[in-house]
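Take a look at the structure below.
The values are calculated or read from the model by the stated rules, or taken from the named source; none is laboratory data. Remember, it's a predicted structure, so these values are computed and weren't measured experimentally. Heads up, the Cβs are rebuilt from the backbone with ideal geometry, glycines too, and the neighbour counts pull from every protein chain shown. The accessibility values were calculated without ligands, DNA or RNA, using every heavy atom of the protein model including side chains. Shrake-Rupley method; radii C 1.70, N 1.55, O 1.52, S 1.80 Å.
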Amino acid sequence: MQHGPLVRRRKLGAELRVLRTTAGITSGEAARLVGWHQSKVSRIETGTSGAKPADVRLLLDAYAVADPQQRDLLLALAGSDDDGGRQHWWHAYRGVLPPTYRDFISLESQASAMRTLETTVVPGLLQTPEYARAVTRAAVDGASEERLDTLVEVRLARQDVLRAGTRTPLRLNAVLDEAVLRREVGGPGVMARQLERLMEAARLPHVRLQVLPFSAGAHIGVTGPFVILSFLSTSELDVVVLDHLTSSLYLERKEDLEAYTDAFNACRKHALSPDDTLDHLAATAAGA
């Protein structure tokens, strides 16, 4: 169990090592190709030290990695600009967002799929602006209106991963405990619009939404919410994210990923089907 920055370095290093090996290049040869000492290649591959985006580009060029999505993912793991040298949008919020949140956004932006169990609030990727503001106000007690505006702006910017654009939209598989729908956040009007937003999202081809009803009784999800991020290029980069009051924890061990995948599948099994979930959302919105 490690905090975000170290996890990101370790995953970047491990993937670079796989790419080097696949290219049939030794660490010594890689060092000579990019003009470094071999120890620098070793430190990057073990996650002992971080790699700048420029360093990652040199290595990817040396290993003849041309896939743009894979290059962008590894550059995101390096924590900075994309393969064109442009800074990612969240860098404009360095002074507002804690490092662990920026790390999460960078991983989310490059993930191909997300599985999430939510037990208290609507997932951030599906929140309306009013709902996001009410949740943020409660979570960041005493925040100024200006800071609230910025944090909500970030929340809404994150939702671009669900929109078709220059990349394939994120595949979102979300299981929501019924308490999420019943907890009134921001007042009746805000909740009514939020339920409408959930129904709109549930109809998207890349979103699978299921409600875990109270009638399901006790289930493994009562231990708390979690997110599993998956990546198209390699499952070795998959990670579980657990949010706490002051930080996020990243679980990357194979055993952890298997345990949380099993837990998510168990919740899906006891949840309503996507079609029944739509009916349940409509009934909840109608006040049933």
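For the chain, the solvent-accessible area works out to 48 Å² per residue, with a probe of 1.4 Å and every protein chain left in place.
Farthest toward the positive end of the dipole of the chain, out of Y250, V227, A263, is the Cα of Y250, where the dipole comes from beta carbon charges about the Cα centre. With axes computed from alpha carbons, what is the tilt in degrees of helix 145-158 against the longest principal axis of the chain, rounded to the nearest 10 within 0 to 90? Computed tilt is about 70 degrees. For the chain, give the percent of accessible area contributed by carbon and sulfur heavy atoms, probe 1.4 Å, rounded to a whole number. Exposed carbon and sulfur together represent 52 percent of the surface. Take the Kirkwood radius over Cα pairs of the chain, plug it into Stokes-Einstein at 4 °C and 1.567 mPa s, and you get 64 µm²/s for translational diffusion. Counting Lys and Arg as +1 and Asp and Glu as -1 over every other residue whose Cβ lies under 15 Å from the Cβ of E146, the net charge comes to 0. Magnitude of the charge dipole for the range 143-288, about its Cα centre and with charges confined to Cβ atoms of Lys, Arg (+1) and Asp, Glu (-1), is about 280 debye.
The C-alpha atoms of the chain define a longest principal axis, and helix 4-22 lies at about 50 degrees to it. Charge dipole of the range 57-176 (Cα centre as origin; +1 on each Lys and Arg Cβ, -1 on each Asp and Glu Cβ, all else neutral): 180 debye, rounded to the nearest 20. Pairs exceeding 24 Å between alpha-carbon atoms, taken from K11/K52; K11/K40; K52/K254: K52/K254. Remark: the range 120-222 is approximated by an ellipsoid whose semi-axes, taken from the C-alpha gyration tensor as √(5λ), come to 22, 20, 12 Å, largest first.
Between S112 and S230, F231, L232, the built amide H atoms are under 5 Å apart, and every one of these is 5 or more places off in sequence or on another chain. The magnitude of the dipole of the chain, with charges of +1 and -1 set on the Cβ of Lys/Arg and Asp/Glu and taken from the Cα centre, is near 620 debye. Shape class of the range 68-179 from the alpha-carbon gyration tensor: oblate, with a/c at 1.5 or above and b/c at least as large as a/b. The distance between label points at A266 and V96 comes to 3.9 nm (points 7 Å beyond Cα on the Cα→Cβ vector).
The long axis of helix 68-77 is offset from the longest Cα principal axis of the chain by roughly 80 degrees.
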